[in-house]
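Read through the structure below, which is laid out as structure tokens, and then see the notes.
The values are calculated or read from the model by the stated rules, or taken from the named source; none is laboratory data. Computed from a prediction, not measured in an experiment: that's the story for all the values here. Quick reminder, even Gly has a Cβ in these numbers, built from the backbone with ideal geometry, and neighbours come from all protein chains shown. Remember, those area values only see protein heavy atoms, side chains included, never the ligands or the DNA or RNA. Shrake-Rupley method; radii C 1.70, N 1.55, O 1.52, S 1.80 Å.
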Amino acid sequence: MNKSVMLFIPAYRCEKQIVRVLNSLNNEVISSLFVEIVVIENISPDNTLNVAIDKAKKLPNLNITVIQNDENYSLGGSHKVAFNYFLEKGYDYLVVLHGDDQGDIKDIVPILSNFQSTYFDTLLGARFHKQSKLIGYSNFRIFGNHVLNFYLSLMSFHRVLDMGSGLNLYSKEFLKNKFYLPFPNDLTFNISMLLYTFKVKAKYQFFPLTWKEDDQISNAKIFKQAIKIAKLGFRYFFNHDCIFKDINSEKVYTYKIKYSQQSCNAKDLNNCNGKVTN
């Protein structure tokens, strides 16, 4: 793909899983697709930050930056940090891969390799696409997601195959006006992104995923989130503009770069450049 693509990995309470996620990028074909890999750690109570840095040091062929938010901004806030960073860098496309190792980066590799992404403003991984594979996902969660997907489809007049998974792609042109800043920072951030996509008639497409659930720690309070989603959909149905306003619109999202590493040829490790910062 003759475009610059940044990979953003949000990481929170995933010290076991982040190692597997970074290992999955240690592949010549996959690593060549990304000009920079940015891990954004969100003040986890565990050792996620140090584990990510230690693992990055063992993967010298990857261009990795590890960032830590100055506060816990929730998943939506970490997205805002990543989106702002991406726009400042001037890259063309941003891929989001959650650090909990539920999604598989390989699912988006054919899309990037075959230039399919250049036609779309956003590509959205869908766990409930007919070609997706769900591994270890409970029947209760599957049923609940199908109900909410159907509900949002009715409220938005668009077929919703997923309200927000851990593998998505966005273009610079789509994000450049920073429409996302007023969105809520909690786990409904992705739903606001989805509804905005519908509102502005952006070019989008859902694509299938391989999605697994084994040792991950869920940060979602299922029933509380379901109520929020229902309210968002209801408000959107009556007024497409009302949900895109939030107290977060004026918030400044700050962070520190904890580690940066320029990729190097494995045959010439002396040219590696890794830097730990405070």
### Message
Could you go through region 77-88 and let me know if any residue there is at pLDDT 95 or above, part of a strand (DSSP E or B), farther than 21 Å from K16 by Cβ and charged (D, E, K, R).
### Response
no
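Could you tell me whether any residue of region 122-132 is among the polar types (S, T, N, Q), open to solvent by less than 40 Å² (accessible area, probe 1.4 Å) and modelled with pLDDT under 95?
Quick first cut of region 122-132, residues among the polar types (S, T, N, Q) only: 122, 131-132.
Those still in the list that are open to solvent by less than 40 Å² (accessible area, probe 1.4 Å) too: 122, 132.
The next check asks that each one be modelled with pLDDT under 95; those that pass are 132.
Within region 122-132 (the criterion being among the polar types (S, T, N, Q), open to solvent by less than 40 Å² (accessible area, probe 1.4 Å) and modelled with pLDDT under 95), the answer is yes, since at least one residue qualifies.
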### Task
Report the residue count in region 77-107 for those that are hydrophobic (A, V, I, L, M, F, W, C) and either open to solvent by 20 Å² or more (accessible area, probe 1.4 Å) or more than 12 Å from the chain's Cα centre (by Cα) (or both).
2
### Query
Within region 152-160, is there a residue that is of a type in the set (D, E, K, R), open to solvent by less than 40 Å² (accessible area, probe 1.4 Å), out of contact with any Gly (no Cβ under 8 Å at 6 or more places or on another chain) and part of a loop (DSSP other than H, G, I, E, B)?
no
### Task
Go through region 37-62 and count every residue that is open to solvent by 10 Å² or more (accessible area, probe 1.4 Å) and either under 24 Å from P110 (Cβ atoms) or not in a loop (DSSP other than H, G, I, E, B) (or both).
8
### Message
Quick test of your reading of the structure: V21 fulfils all but one of (1) modelled with pLDDT under 95; (2) within 16 Å of the chain's Cα centre (by Cα). Name the failing condition by number.
### Response
(1)
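May I ask you to list the residues in region 1-31 that are open to solvent by 20 Å² or more (accessible area, probe 1.4 Å) and either in a strand (DSSP E or B) or of a type in the set (F, W, Y) (or both)?
Y12
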### Task
Return the only residue of F223, F206, F198, F237 being more than 24 Å from V66 (Cβ to Cβ), hydrophobic (A, V, I, L, M, F, W, C) and either touching a Gly at 6+ places or on another chain (Cβ under 6 Å) or at pLDDT below 90 (or both).
F223
### Task
Evaluate region 102-122: report whether one residue or more is touching a strand residue (DSSP E or B) at 6+ places or on another chain (Cβ under 7 Å) and part of a strand (DSSP E or B).
yes
#### Entry: Unmet requirement for Y180, which otherwise passes all of (1) within 22 Å of L97 (Cβ to Cβ); (2) assigned to a helix (DSSP H, G or I)
(2)
### Query
When S74 is evaluated against the numbered criteria (1) open to solvent by 40 Å² or more (accessible area, probe 1.4 Å); (2) touching a Pro at 6+ places or on another chain (Cβ under 6 Å); (3) among the polar types (S, T, N, Q), which criterion, by number, is the only one it fails?
(2)
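Results for (1) in contact (Cβ under 8 Å) with a residue 24 or more places away in the chain; (2) over 23 Å from E213 (Cβ atoms); (3) out of contact with any strand residue (DSSP E or B) (no Cβ under 6 Å at 6 or more places or on another chain), shown as yes or no for each residue.
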position: G125; (1), (2), (3): yes, no, no
position: L148; (1), (2), (3): yes, no, yes
position: M163; (1), (2), (3): yes, no, yes
position: K172; (1), (2), (3): yes, yes, yes
